[in-house]
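Down below is the structure, laid out as structure tokens.
Since every read-out is calculated from the coordinates, none of them should be taken as a lab result. Keep in mind that this is a model prediction, so the values were computed, not measured. As a convention, Cβ positions derive from the backbone with ideal geometry for all residues, glycine included, and neighbour counts pool all protein chains shown.
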Amino acid sequence: MELATSVKSKLPHVGTTIFSVMSAYATEHNAINLAQGFPDFNCAPELVELVYKYMKQGLNQYAPMPGVLKLREAIAAKTQEIYGTVYNPETEVTIVPGATHALYAAISAIVREGDEVVVLEPCYDSYVPAIELNGGRSVHYELKFPDYKVDWDEVKRLINFKTKMIIINTPQNPTGAVLTADDMQKLSKILENTDVVVLSDEVYEHIIFDKQAHQSVCLFPKLAERSLIVSSFGKTYHTTGWKLGYVLAPELLTKEFRKVHQFMAFCANSPIQYAMADYLANKDAYLSLSAFYEEKRNYFQKLIQGSNFKILACSGSYFQLLGYGKITHERDIDFAMRLTREYKVASIPTSVFYQKKTDNSVLRFCFAKNNETLEKAAEMLIKV
Ligand code: PMP
């Protein structure tokens, strides 16, 4: 039998991610890349120095499977300080090579053939393939356009005896919406008397605007006891290329999580873990991040005011959604491509974040960029 017929794709509907596609298209057309979510400015030089220091010290071999203990302790201390929740660094904190890895390992540890997983969409594009690769079925709830709020009574109707997990994400990619304390209480309530596990993607926990406080699931004891929380140093320290993050979860969930993690990666890279353990003492680095990005959000919004794009609310993350219904009736993918070709600004069409490819004529722009980059992009966008 030919290989082409014997290797049957486990993900027949999945191609190359839109992030790679749009980034390549941006390069091809010499466009400003506001598509993929990464900063175009550098991380703190002290952080690089610390990594270099530990590399020179010879900390270049495998880290312990759950992560360097010093870093796990620093994370537990930070979590207790900002959220008041205690996680045991030995048994409840795990360092991972990026949040994407953590999401996959968590889903793999919990979801079995035939299990259902509720996702709130538009959502980060790794969730659904991870569920499917593990034999699960994703059950989709569409956030209410245009403010992307959740009606928890409707979510409750999606939960049944087959539901094993619900995945939430706050602040949310791609919408910039955040879940409030009221949302969390409602979620807690609808999960009462179920054994549903919460996978809470909180990679943008330190990027939240307008004086709102991040509502981590760990603030809600009834949620915390059934949750795996995923965080990423990439977003907080402008180091997306370093692929380092961590997972907080009660011992029982951590034990199962680590069983999978140890065979997916075994451990994350060592010198950066030692560096992060030291750098976490610099509280200002994460406490000032919301203000830093809020200024960028405001600046970008100001620059495109008066354009034909509709500025949607952005309460957190580093993504700004822009509606283009006044400009054209083109499909969002086509318009995003044309905007890249003709106006030299690359974005992400939001329909790709929906199972049904729901198209609300909205594009996602990443504003984690130098002001000059934002100015150049805005100069083009106001011409559209
Ligand atoms: N979750 C969300 C919501 C994200 O936006 C991203 C990064 N784009 C990730 C997870 C993955 O983070 P990492 O780069 O640490 O794998």
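Think of the chain as having a plus end and a minus end, set by charges on the Cβ of Lys, Arg, Asp and Glu; of V230, Q320, V21, V21 sits farthest toward the positive end of this dipole.
Mean-square fluctuations from a GNM of the chain, with a 10 angstrom spring cutoff on Cα atoms, peak among K310, K369, K302 at K302. For a 31 Å ceiling on Cα separation, which of these pairs sit above it: K53/K243; K144/K164; K211/K243; K10/K255; K70/K144? Violating the 31 Å limit, Cα to Cα: K70/K144. Name all residues of the range 123-137 having a backbone nitrogen under 12 Å from the label point set 7 Å from the Cα of K10 along its Cα→Cβ direction, giving them as ranges. What the label zone holds, given the 12 Å backbone N cut-off, is 129-136. When DSSP beta bridges are restricted to pairs lying wholly in the chain, around 50% turn out antiparallel.
At 0.36 nm per residue, and after removing the present C-alpha to C-alpha distance, how many nm does the segment from Y52 to R341 gain when stretched out fully? The partial results should precede the final answer.
Values: separation 289, 0.36 × 289 = 104.04 nm, distance 4.03 nm.
Working it through step by step, the gained length comes to 100.0 nm.
The label point for K356 and the one for N298, both projected 7 Å from the Cα toward the Cβ, are 3.9 nm apart. M276 sits among other residues whose Cβ lies under 14 Å from its own Cβ, and their net charge, with Lys and Arg +1 and Asp and Glu -1, is +3.
Number of Lys-Lys pairs in the range 283-369 with C-alpha atoms under 21 Å apart and a separation of 8 or more places or on different chains: 15. Once the chain from R112 to F19 is taken as fully extended at 0.36 nm per residue, the excess over their C-alpha distance is 30.6 nm.
Sorted ascending by nearby beta carbons within 10 Å, beginning with the fewest, I107, I311 become I311, I107.
By the gyration tensor of its Cα atoms, with a ≥ b ≥ c the square roots of the eigenvalues, what is the shape of the range 314-384: rounded for a/c under 1.5, prolate for a/b over b/c, or oblate? Oblate shape, in that a/c is at least 1.5 and b/c is the bigger or equal ratio.
Loop only by DSSP, 15 or fewer other Cβ within 10 Å of the Cβ. Give me the GluC sites (Glu not before Pro) in the range 92-150 that pass, ordered by residue number. For GluC sites (Glu not before Pro) across the range 92-150 that sit outside H, G, I, E and B with at most 15 neighbouring Cβ atoms in 10 Å, the list reads E113. Simple spin-label estimate for E375 and E192 gives 5.6 nm between the two label positions (7 Å along the Cα-to-Cβ direction from each Cα). Evaluated with a Cβ-only charge set (Lys, Arg +1; Asp, Glu -1), the range 50-111 carries a dipole of roughly 300 debye about its Cα centre, given to the nearest 20. Please work out whether the chain counts as rounded, prolate or oblate from its C-alpha gyration tensor, where a ≥ b ≥ c are the square roots of the eigenvalues and a/c under 1.5 means rounded, while otherwise a/b larger than b/c means prolate and anything else oblate? Rounded is the answer for the chain, as its axis ratio a/c remains below 1.5. Entry note, the chain: the mean residue ellipticity at 222 nm calculated from DSSP H runs of n ≥ 4, each adding -39500 (n - 2.57), is -11500 deg cm²/dmol after division by the residues and rounding to the nearest 500. Magnitude of the charge dipole for the range 220-328, about its Cα centre and with charges confined to Cβ atoms of Lys, Arg (+1) and Asp, Glu (-1), is about 380 debye. Considering only P122, P271, P221, the mean-square fluctuation computed in a Gaussian network model of the chain, springs between alpha carbons under 10 angstrom, is largest for P221. Structure remark: mean-square fluctuation, Gaussian network model of the chain, C-alpha springs under 10 Å; the largest value among T100, T373, T16 belongs to T16. Test of the criteria: in the range 38-121, which chymotrypsin sites (Phe, Trp or Tyr not before Pro) are in a DSSP loop and have at most 12 other Cβ atoms within 10 angstrom of their Cβ? Within the range 38-121, the qualifying chymotrypsin sites (Phe, Trp or Tyr not before Pro) (loop, at most 12 other Cβ atoms within 10 Å) are F41, Y62. Rounded to the nearest 20, the Cβ-based charge dipole of the range 327-371 about its Cα centre (Lys and Arg +1, Asp and Glu -1) stands at 140 debye.
How would the range 106-172 be classified by its alpha-carbon gyration tensor: rounded, prolate or oblate, with rounded meaning a/c under 1.5 and the a/b versus b/c comparison settling the rest? Judged from the Cα gyration tensor, the range 106-172 comes out oblate (a/c at least 1.5, b/c at or above a/b). For a modelled paramagnetic label at S288, 7 Å from Cα along Cα-to-Cβ, the residues of the range 225-247 in reach, with backbone nitrogen under 16 Å, are 236-238. The distance between label points at T180 and R331 comes to 3.7 nm (points 7 Å beyond Cα on the Cα→Cβ vector).
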